[in-house]
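One structure is given below, encoded as structure tokens.
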Amino acid sequence: MEDTAFETAPERPSKSAQKRESHALQKLGADLLTLPASRLAGIVMPDALREALAEHHRTRSHEGRRRQLQLIGKLMRQADPEPLQEAVADFRLGRAQDSLALHQAEIWRDALLASDEALTRWLVDFPGSDTQHLRSLVRAARKDAQSQPAHEPVQRHGRAYRDLFQWLKEALKS
């Protein structure tokens, strides 16, 4: 009889598993600290956790911040981690997408300055673009690049180079 009672008892997670979960929640709490206040305001969480996050930002001493982070980890055990994880992931994804858009604008700018074929590809990929304005920006940026002395150790780009980048960045957004 004792054997069957032992077999039907639900298994508790091991102490190591509990520690891993606790550390993961504490890390999620630390990730929440990286979010701007405007993002934190829109997340559903217990008031005690919200206050602990605000207190961490106000705390200046290293030891005080460490202890506050432990308190945040403890409060995280009482909160639903799903919406918090989604909020952190959305924030990180948004920053990655912004970075990718900037890299794409840089790649297009370099390609447009290198050859006229890139201009043709741009016009095929983005048919609604202002062709005349784009051509004038490319022409001005090429002219600025040619007028630079070759003996300068650091190449400085002119206004047209930056204007082309800004135009491409806006065009890629829309």
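Only a single criterion out of (1) surrounded by fewer than 12 Cβ atoms within 10 Å (Cβ to Cβ); (2) within 27 Å of R95 (Cα to Cα); (3) modelled with pLDDT of 90 or more is not satisfied by R50, namely (1).
A101 fulfils the conditions (1) in contact with an Asp or Glu (Cβ under 9 Å, 6 or more places away or on another chain); (2) in the same structural domain as A160 (by TED's automatic domain parsing) except for a single criterion, (1). The residues on offer are L75, L112, L71, and the sole one that is at pLDDT 90 or above, under 30 Å from K143 (Cβ atoms), over 24 Å from the mean Cα position of the chain (by Cα) and not small (G, A, S) is L112. Scan region 116-148 for residues that are surrounded by 11 or more Cβ atoms within 10 Å (Cβ to Cβ), of a type in the set (S, T, Y) and either more than 30 Å from the chain's Cα centre (by Cα) or over 16 Å from Q166 (Cα atoms) (or both) and the total you get is 2. Return a yes/no flag: does region 73-81 have any residue that is touching a residue at least 40 places away in the same chain (Cβ under 8 Å), assigned by TED's automatic domain parsing to the domain that holds L40 and among the small types (G, A, S). Yes: one or more hits. Being touching a residue at least 24 places away in the same chain (Cβ under 8 Å) and of a type in the set (V, I, T) is a condition met by no residue of region 152-171.
The values are calculated or read from the model by the stated rules, or taken from the named source; none is laboratory data. The shown structure was predicted, so the numbers you read here are calculated from the model rather than taken from an experiment. Positions of Cβ are backbone-derived with ideal geometry, glycine not excepted, and every protein chain shown enters the neighbour counts.
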